[in-house]
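Notes follow once the structure below has been shown.
Each value in this text was obtained by applying a stated rule to the coordinates, not by laboratory testing. This one's a predicted model, so the numbers in the text were calculated from it and none came from an experiment. Positions of Cβ are generated from backbone atoms using ideal geometry, with glycine treated the same way; all protein chains shown enter the neighbour counts.
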Amino acid sequence: MFSTLMLAAMLAQSGKPVSAEEIRAIDLTVFPNGSGLPRGKGTAVRGAALYKEKCAECHNEKGEGREQQYPRLVGGIGSLATAEPVKTVGSYWPHATTVFDYIRRAMPYETPRSLSADEVYSITAVLLYWNGIIGENDELNEKTLPRVKMPNREGFVPDSRPHQKTKR
Amino acid sequence: MSIRERRRWLALAASFAVSACSRKPGTNEGAAKPASTLTMRPYGERSPYEKVQRDARESTKSVGVGSSRTPLHELEGTITPSALHFERHHAGVPVIDPAAHSLVIHGLVRKALRFSLAELKRLPSVSRLHFIECSGNGGGELAGSAGADASRSHGLLSNSEWTGVRLKILLEAAGPEAGAKWMIAEGADACRMARSIPLTKALDDALIAYGQNGEALRPEQGYPLRLLLPGWEGNASIKWLHRLHIAAEPAMGNQETAHYTDLHPTGKASIFTFEMEANSVITRPSGSQKLAGPGAYEITGLAWSGRGKVARVEVSLDGGESWQAASLDEPVLAKAATRFRYAFKWSGAPTVIASRCIDETGYVQPAREEIIAARGPNSTYHYNGIKRWMIKQDGSVTHV
């Protein structure tokens, strides 16, 4: 067993302070309230050209997806309560900030984190535009993106398990 | 051991040695002479006769995306050999120099801190046995395409001894501020995979693990550092861990909204469904195996629960009509795989065998129909239905 004092002493000699600058360089988290979004802007018009260049090879011409491994990004709105739900950015994702966060951290698959903030805003914009959520010329930036209301914003509920009664 | 017993053993051993020496000289069969001088291997390998492998599937175009499954039906005991631990990667396996790797804790904390691997290893550590199960395990069973063997039905489950530092110690050093309720854990893989975890779990039994089954983590398991959240869906135990962002709210990232949410027939989906509920599978006899003929056999398998210890495992020999208690190998540990055994005599008639796990909370593993009644056929994740195997008249075992 370690005494509290011993543990405090051990912690004091490990764990170095990190500067705000170092954190900014690695922090990729974007929250639904927009915290973490970088300055920048983009529209669907610019995003369409970027999408063609950076995304279409896998996700198809207008976000239709390809095979099972390249997810569909567009459509399916209103399908979730049917026998064949189609989960896409438009139909399922509850927050527009998630689109920005995910593209910035993980896409394009072969060259993640290679896009500028303006490019990520633009590609986010074209996906939301193709899903009928924003207009073609609506500007997305760090202020407007968190205000976008996604169709499935209210679609998630907390874990309600266990669903089966305990028998003994 | 009495002197008489010891003599008997010595005699037995001597007769074995004689028979071993009488085999053909110069081959591997006899113990008379080593066939090779390369017997002292710095890092051991299994016998060349042992061929058990994972069932690995990689997506064709995005290299590094895929999964491999633990061959549960070909393993013994409860520990999964590290080389056979199931894998699920979303953007490949990074090659990380441990000397260049560190863990940063920042956000709603009094003091943002960076821990090198060497610094972490100087802190008090613990070793614990825990399973990791992908919440997609059994997804095929839910969808109605039952796995032909226990690897394909339940192979996204593995059980290891993990060694690491309790996350609670590190978080208390950083000092969460008032209002801190979540922790966004991020990996250093190409896609910077991240999950939002309630701080209550982080302060409860979460580990920052660097050891697996007595050695360093395998690269596919997050070398040099991973988060380990006992009993929770595997996806949340972020591998290649390099950043913990303490926050008031969850990030609602791609992995916790677009994926790993359980869609109900109402169109609403359950989110943050972390716990893996009680589950079990018979691994012998199971799909793809064959009984030699009527007679006595041992039914054995694995049971586990993300809510604690396995309290009881029951086996059915009539497709789930009646149930009998199986024996459990000791020790039975919380949030760890437990081996169960049950002796039975096979008459030679077609027989449907099944197992169900009851955990210490009293929860009884349900039938597939009960799960579909509760959350529909499109819930994808967290399937834990009773698995049945059919022993056919010729002794071959298939899925039902």
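Label point 7 Å out from A:GLU139 along Cα-to-Cβ: which residues of the stretch A:107-130 have amide N under 18 Å? Counting backbone N atoms under 18 Å from the label point, the list is A:117-126, A:129. Across the stretch A:121-138, computed HN-Hα scalar couplings (Karplus, 6.51 cos²θ - 1.76 cosθ + 1.60, θ = phi - 60°) run 4, 5, 5, 4, 4, 5, 5, 5, 5, 4, 8, x, 9, 10, x, 5, 9, 5 Hz from first to last residue, x flagging Gly and Pro.
Could you please rank A:CYS58, B:CYS357, placing first whichever residue has the fewest other Cβ atoms within 10 Å of its Cβ?
Working: A:CYS58 18, B:CYS357 27.
Starting with the residue having the fewest Cβ neighbours, the order is A:CYS58, B:CYS357.
Shape summary: the stretch B:197-267 maps onto an equivalent ellipsoid whose semi-axes, from the alpha-carbon gyration tensor, are 25, 15, 12 Å in decreasing order.
What is the mean number of Cβ atoms from other protein chains located within 10 Å of the Cβ atom of each residue in peptide A:105-112, rounded to a whole number? Walk me through the numbers on the way to the answer.
Working: counts 8, 11, 1, 0, 10, 4, 1, 5.
If you average over the peptide's residues, the count of other-chain Cβ atoms is 5.
Report the percentage of all Cα-Cα pairs in the stretch B:98-267 whose separation exceeds 26 Å, rounded to a whole percent.
Working: 4329 of 14365 pairs.
When every Cα pair of the stretch B:98-267 is considered, 30 percent fall beyond 26 Å.
Global size of the stretch B:143-199: 17.9, 51 Å for Rg and Dmax (C-alpha atoms, Rg to one decimal, Dmax whole). Between 0 and 90 degrees, the angle of helix A:96-106 with respect to the longest Cα principal axis of chain A falls at about 70 degrees. In this structure, the amide hydrogen of A:GLY90, modeled 1.01 Å from its nitrogen in the peptide plane, lies closer than 5 angstrom to those of A:GLY75, counting only residues at least 5 positions away or on a different chain. Over the stretch B:316-376, all Cα pairs binned in 5 Å intervals from 0 give whole-percent P(r) values of 4, 13, 20, 23, 17, 14, 7, 2, listed from short to long. Every Cα-Cα pair of the protein assembly as shown was included, and the share exceeding 32 Å stands at 52 percent.
Using a cut-off of 29 Å between Cα atoms, the listed pairs B:LYS51/B:LYS309; A:LYS149/B:LYS201; A:LYS143/B:LYS168; A:LYS87/B:LYS392; A:LYS149/B:LYS111; B:LYS309/B:LYS387 include B:LYS51/B:LYS309; A:LYS149/B:LYS201; A:LYS143/B:LYS168; A:LYS87/B:LYS392; A:LYS149/B:LYS111 as exceeding that distance. Near the amide H of B:ALA269, within less than 5 Å, lie the amide hydrogens of A:PHE156, A:VAL157, B:HIS264, all on another chain or at least 5 residues away, with H placed in the peptide plane.
Going through the stretch B:213-278, which GluC sites (Glu not before Pro) have at most 13 other Cβ atoms within 10 Å and a DSSP loop state?
Numbers: sites: B:GLU215, B:GLU220, B:GLU233, B:GLU256, B:GLU275, B:GLU277; in loops: B:GLU277.
Loop-located and lightly packed - none at all.
The calculated Kirkwood hydrodynamic radius for the stretch B:77-148 is 16.8 Å, given to one decimal from all distinct C-alpha pairs.
Averaged over peptide B:123-136, how many Cβ atoms belonging to another chain are found within 10 Å of each residue's Cβ?
1
Here the Kirkwood formula, the inverse mean of 1/r across different C-alpha pairs, assigns chain A a hydrodynamic radius of 18.3 Å. The alpha-carbon atoms of the stretch B:225-352, seen along their principal axes, cover 60, 38, 26 angstrom, with the largest extent given first.
Could you tell me the relative contact order of the stretch A:1-130? Use alpha-carbon pairs under 8 Å, at least six residues apart, and round to a whole percent. Show your work: numbers first, answer last.
On the way: 153 pairs, mean separation 40.2, N = 130.
After rounding, I find 31 percent.
Adding -39500 (n - 2.57) for every DSSP H run of four residues or longer, then dividing by how many residues chain B holds, sets the calculated 222 nm ellipticity at -4000 deg cm²/dmol.
Nearest 10 degrees, 0 to 90: what angle lies between the long axis of helix B:3-21 and the longest principal axis of chain B (Cα atoms)? The answer is roughly 90 degrees. Each Cα pair under 8 Å and six or more residues apart adds its separation to the average, and for chain B the resulting relative contact order is 15 percent. This ranking places B:LYS181, B:LYS201, A:LYS87 by how few other beta-carbon atoms lie within 10 Å of each, fewest first, which gives B:LYS181, B:LYS201, A:LYS87.
Pairwise over distinct Cα atoms, reciprocal of the mean inverse distance: report the Kirkwood radius of the stretch B:178-231 in Å, one decimal place. Before the final figure, lay out each step's value.
Numbers: mean 1/r = 0.0816 Å⁻¹.
By the Kirkwood definition, the hydrodynamic radius is 12.3 Å.
In terms of packing, defined here as the mean over residues of other Cβ atoms within 10 angstrom, the peptides B:171-180, B:47-56 line up highest first as B:171-180, B:47-56. Phi angles of the stretch A:73-84 translate, via the Karplus equation with coefficients 6.51, -1.76, 1.60 and θ = phi - 60°, into HN-Hα couplings of 10, 10, x, x, 5, x, 8, 5, 8, 9, 5, 10 Hz per residue; Gly and Pro are given as x. The distance linking the stretch B:373-400 with the stretch B:153-178 is 32 Å (Cα centroid to Cα centroid, whole angstrom). Comparing B:ILE96, B:ILE79, B:ILE238 in a Gaussian network model of chain B, where Cα atoms under 10 Å apart are tied by springs, the biggest mean-square fluctuation is seen for B:ILE96.
Here, P(r) means the percent of Cα pairs in each 5 Å bin from 0 to the largest distance; for the stretch B:279-399 it is 2, 12, 21, 23, 18, 14, 7, 3, 0.
Write down the Å³ per residue value for the convex hull defined by the alpha carbon atoms of chain B. Working shown, then result.
Working: hull volume 80.9 nm³, N = 400.
Convex hull of Cα atoms, per residue: 202 Å³.
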